[in-house]
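Contents: one structure, followed by commentary.
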Amino acid sequence: LRSPADLGRAVRHARRDLGLSQEALAERLGVTPRWLSELETGKPKIIDARLFDVLAQLGLRLTWTLDD
């Protein structure tokens, strides 16, 4: 994942694959649907500690690679 937009697309894809609405996932996470929507659209300032709760709920993990 190279950008907030990449991350947002991955979250949206995983949420939809699991058959979850934004409202249902937001309720599980204890966040607002608006917060989740902003994450899915790649709004950079939305990325904070709650990000890892989202990833865990969706079974996603970030892979980091170092560019030479």
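The values are calculated or read from the model by the stated rules, or taken from the named source; none is laboratory data. Remember, it's a predicted structure, so these values are computed and weren't measured experimentally. Cβ: placed from backbone, ideal geometry, glycine included. Neighbour counts: every protein chain shown. Heavy atoms of the whole protein, side chains included, go into the accessibility calculation; ligands, DNA and RNA do not. Shrake-Rupley method; radii C 1.70, N 1.55, O 1.52, S 1.80 Å.
FRET efficiency for A10 and T32, Cβ-Cβ distance as r, R0 = 25 Å, nearest 0.05?
Values: r = 20 Å, r/R0 = 0.81.
Computed FRET efficiency for A10 and T32 comes out at 0.80.
Arranged from highest to lowest average of other beta-carbon atoms within 10 Å per residue, in what order do the peptides 22-29, 5-12 appear?
Values: 22-29: 15.9, 5-12: 17.5.
So the order, starting with the most tightly packed, is 5-12, 22-29.
Using the heavy atoms of the protein chains alone and a 1.4 angstrom probe, what is the accessible area of the range 1-60 per residue in square angstrom? Could you put the intermediate results ahead of the total?
Numbers: 3650 Å² over 60 residues.
For the range 1-60, the solvent-accessible area averages 61 Å² per residue.
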